[in-house]
Structures are given as structure tokens and as C-alpha cells.
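Student: What follows is a single structure, and I will ask about it in a moment.
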Amino acid sequence: MIGKNLRLANGSLLTRVESESWRYEQAIADFSKAIELEPDKPLPSQNRAACHCELGNWSGAADDLARAVARGAEGHRPWYELALCRAAAENAEGYREACARAMTPGKAKMKTGASLSATANIVPHRA
């Protein structure tokens, strides 16, 4: 009886997690469309990054946050979030760069010519 209840509880939890995952994936698709419509706006990239974080896709989140700061996201928050994503992805150099930029918001603009390749050496998330 206990085993049956445990299986039912695990099945219910798995269904809920799959359902939440689907919602984040749908939101990623929606934010991707918003980015296509307004590629110079940083907010859709920041929002898509948040969805990638919820799914544990740290490299995708870091790419989107790097895109957001390159497009003019202001303040320390985007850099702080980028630092966390890079740390989760075990990208120590990228983490240090983002932390330094987060500490100096007036200088928190991505260098001209910098690309999203700064996150290319990220180690994929391990489940």
C-alpha cells in the first residue's frame, strides 16, 4: 500500500514538473518571437534568460543575458544575473568579468566588438 501511494505521489510530482517545464519552453518560444520583432530591446532577452534558468540551461541563460547587456540593459542586476549563470555553468573567467561589471554599473556596458562567444567555453549543466 505504501509503495503504491509513493508511486502515485511520484507520478503526480513528475506530471507537475513536466507541466511547468512545458510552460517555460513555451515562454522561451514566445520571448524568441519578441526578440525577432524587436532585436534591439534588452527586456525580452532578460525574460528568456529567466526561463532558461528555471530549466537549468545556464549557457542559454548566460547567452541571453550577455545579449541583453550588449543591447543596453542598465544597472547592476543583469550583470549580477549573468555572473550567477556563468558560475552555475562553471565558467570562472566569465563569472569574474560579470562580477566586476556588476560592481561598477556606470561601466557595465559590454565592450564594443564583444560577442556572445564569451560564453562559448561554458560547461553544460549536469543533472
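Student: Could you go through the range 93-103 in sequence order and give the Karplus-derived ³J(HN,Hα) for each residue, using 6.51 cos²θ - 1.76 cosθ + 1.60 with θ = phi - 60°, rounded to whole Hz, and x for Gly and Pro?
Tutor: Karplus values, whole Hz, x for Gly and Pro: 5, x, 4, 4, 4, 5, 4, 4, 5, 5, 6.
Student: Can you give the FRET efficiency for Ala100 and Trp22, using 1/(1 + (r/R0)^6), R0 = 35 Å, r = Cβ-Cβ distance, to the nearest 0.05?
Tutor: On the way: r = 37 Å, r/R0 = 1.06.
Efficiency, rounded to the nearest 0.05: 0.40.
Student: Applying a 10 Å radius around every beta-carbon, put 49-59, 67-77 in order of their mean neighbour count, most first.
Tutor: Listed from highest to lowest mean packing, they are 49-59, 67-77.
Since every read-out is calculated from the coordinates, none of them should be taken as a lab result. A quick note: this is a predicted structure, and the numbers were derived from the prediction, not measured. Cβ: placed from backbone, ideal geometry, glycine included. Neighbour counts: every protein chain shown.
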